[in-house]
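The values are calculated or read from the model by the stated rules, or taken from the named source; none is laboratory data. Everything quoted here is computed from the prediction, not taken from an experiment. With ideal geometry, Cβ positions are generated from the backbone for all residues, glycine too; neighbour counts draw on all protein chains shown. Ligands, DNA and RNA are excluded from the accessible area calculation, which covers all protein heavy atoms including side chains. Shrake-Rupley method; radii C 1.70, N 1.55, O 1.52, S 1.80 Å.
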Amino acid sequence: MAASCVAVLVMAASLLLLLLVLWKRWRRGRADWHVIIVVLGDVGRSPRMQYHALSFVKSGFSVTLMGFCNSRPYDELLQNNRIQIVSLTELPKLAVGPHIFQYGVKVVFQSVYLLWKLMCREPAAYIFLQNPPGLPAIAVCWLVGCLCASKLVIDWHNYGYSIMGLVHGSSHPLVLLAKWYEKLCGRLSHLNLCVTNSMREDLAQNWGIKAVTVYDKPASFFKETPLGLQHRLFMKLSCTYSAFKACSEPLDPDTERSAFTERDPQSGVVTHLRERPALLVSSTSWTEDEDFSILLAALEKFEQLILDGESLPSLVCVITGKGPLKEYYRGLIGQKHFQHIQVCTPWLEAEDYPLLLGSADLGVCLHKSSSGLDLPMKVVDMFGCCLPVCAVNFQCLHELVKHDENGLVFEGPEELAAQLQMLFSAFPDPTGKLSQFRQNLRESEQLRWDESWKQTVLPLVMDT
């Protein structure tokens, strides 16, 4: 009883404070060239929302970017004085009570906290919200929009309930509640963006929501990495990760050598090592929608081919990212006893990630959309670096990966192993299939994020 009274008093006090803030903001009025971007997640791991912020600034807006600051955002974002980053506090996981109680407490805390944070900001013309996660952010942002005359824009990256379903099952009460909430509150926005045509059609047919497709596009810094920069990156990473260290010492002690490159001390010229390993790259959030056991099984088959006498290169497999299942998969990797394959799982600085993609020989994507309607941004970034990709198949992957044109699509570990064998059979043959895919990507003249944003999002914002 006492606890209930305290909770009521806290809520009443919070509402009183909010009313005072509202009165203050209402008298001040709305800033037509100000945008608030809300990410109820890690800003540093939300590149699309960072790109939105930078594009708004380039178009004359000021931006407040709100979210968790667990990872470092891009330097360009941090150095821009027209972008204010507001750090949100993440409620630690409760250690008491049933799961549904813990989740309820989290939602109530986030609702009041996010409402308070938004009301303490300068009122904006637009509130741009990343979904997922949309519970409770959609309702809170809509309410603030009503109070401050701001227009709510939802950027649909996926469906939050479908991600929850991977953990709890599609028929779990929490998942069904989240789906109802998302479907109901998703209709409250003034404008909706989404990442694929398939999602746009699904939103229209099943949710009654009209959205505009804004495909993910690579930022300008995702490009092929010059050999000199590759060498510097490999030498930097070799200080921490043995997979990047040279397998043998050069005859000249002044020669810099990594596992892939060496630099002549006299001329300063960097060259690839003749017997270098192939560099395979994948990136992940280590969540349930990516099954890395597929890659590990394919690597085992590839290793066996080498042991059986096939003419194939050694592999260095780099899997970047952070996430809840990372330690689980690191345990599986530690159980493997590869002789010709090295696997490392670094977390890279934001500026090093595009350099690594631009230095790699092949990308692998194991993202299997929880809804079947979103596309992996990692592949977008890889294509920006002209890096061919092998990607696991799912419903709308064809909107991004063109089989046998810019990469290959596979269903399971056997097919992936066969693709690795085919692509690396004459490595590093400049006339092989891998080089052909890379050349196709070079010639495709991909549209970059800034150009795409100006053509799609900016007209919508200016019209509304």
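Rounded, prolate or oblate for the range 324-429? Axes are the square roots of the Cα gyration tensor eigenvalues, ordered a ≥ b ≥ c, and the cut-off for rounded is a/c under 1.5. Here the range 324-429 falls in the rounded category.
For the range 191-259, the set of trypsin sites (Lys or Arg not before Pro) satisfying both a DSSP loop assignment and a count of at most 16 other C-beta atoms within 10 Å is given as K210, K223. Subtracting the Cα-Cα distance of C239 and Q455 from their residue separation scaled by 0.36 nm leaves 73.4 nm. Here the simple spin-label model places points 7 Å from the Cα toward Cβ, and for D254 and M462 these points are separated by 5.8 nm.
Split the chain at each of the GluC sites (Glu not before Pro) in a DSSP loop with at most 13 other beta carbon atoms within 10 Å, and the longest piece is 1-274.
Taking 0.36 nm per residue of separation and subtracting the current Cα-Cα distance, fully stretching the chain between Q335 and S171 would add 55.5 nm.
In this Cβ point-charge picture (+1 for Lys and Arg, -1 for Asp and Glu), the range 161-255 has a dipole of about 500 debye about its Cα centre.
Multiply the residue separation of K151 and L273 by 0.36 nm, subtract the distance between their alpha-carbon atoms, and state the gained length in nm to one decimal.
Separation in residues times 0.36 nm, less the Cα-Cα distance, equals 38.3 nm.
Per residue, the range 217-327 exposes an accessible area of 49 Å² to a 1.4 Å probe, with every protein chain left in place. How would you classify the range 380-464 from its alpha-carbon gyration tensor, with a ≥ b ≥ c the square roots of the eigenvalues: rounded for a/c under 1.5, else prolate if a/b is greater than b/c, otherwise oblate? Oblate is the answer for the range 380-464, as a/c is 1.5 or above yet b/c matches or exceeds a/b. Scalar couplings 3J(HN,Hα) for the range 417-432, obtained by applying the Karplus form with A = 6.51, B = -1.76, C = 1.60 to θ = phi - 60°, are 4, 5, 5, 4, 4, 5, 6, 9, 5, 10, 4, x, 4, x, 9, x Hz; x denotes Gly and Pro.
Spacing of the modelled spin labels on E327 and E405, each 7 Å from Cα toward Cβ, amounts to 4.4 nm. Spin-label pair W180-Y113: with each label point 7 Å from Cα along the Cα-Cβ axis, the two points sit 2.6 nm from one another. Surface listing: D352, D404, D450 arranged by accessible area from highest to lowest gives D404, D450, D352, probe 1.4 Å. Across the accessible surface of the chain, with the other protein chains kept in place and a 1.4 Å probe, carbon and sulfur atoms take up 55 percent. For the range 407-429, backbone nitrogen atoms closer than 17 Å to the point 7 Å from H398 Cα along Cα-to-C-beta are found at 407-411. Between rounded, prolate and oblate, where does the range 263-331 land on the alpha carbon gyration tensor, with a ≥ b ≥ c its root eigenvalues, rounded for a/c under 1.5, else prolate if a/b exceeds b/c? Oblate, since a/c reaches 1.5 and b/c is not below a/b. Taken one residue at a time, the phi angles of the range 130-138 give Karplus couplings (6.51, -1.76, 1.60, θ = phi - 60°) of 7, 10, x, x, x, 10, x, 5, 4 Hz. Gly and Pro are set to x. The phi-based Karplus calculation (6.51 cos²θ - 1.76 cosθ + 1.60; θ = phi - 60°) puts the 3J(HN,Hα) values of the range 392-406 at 6, 6, 7, 3, 10, 4, 4, 6, 10, 9, 9, 4, 6, 10, 10 Hz, whole numbers, x for Gly and Pro.
Count charges around Q266 for me, please; just the other residues with Cβ under 14 Å from its Cβ, Lys/Arg as +1, Asp/Glu as -1. With Lys, Arg at +1 and Asp, Glu at -1, the net is -4.
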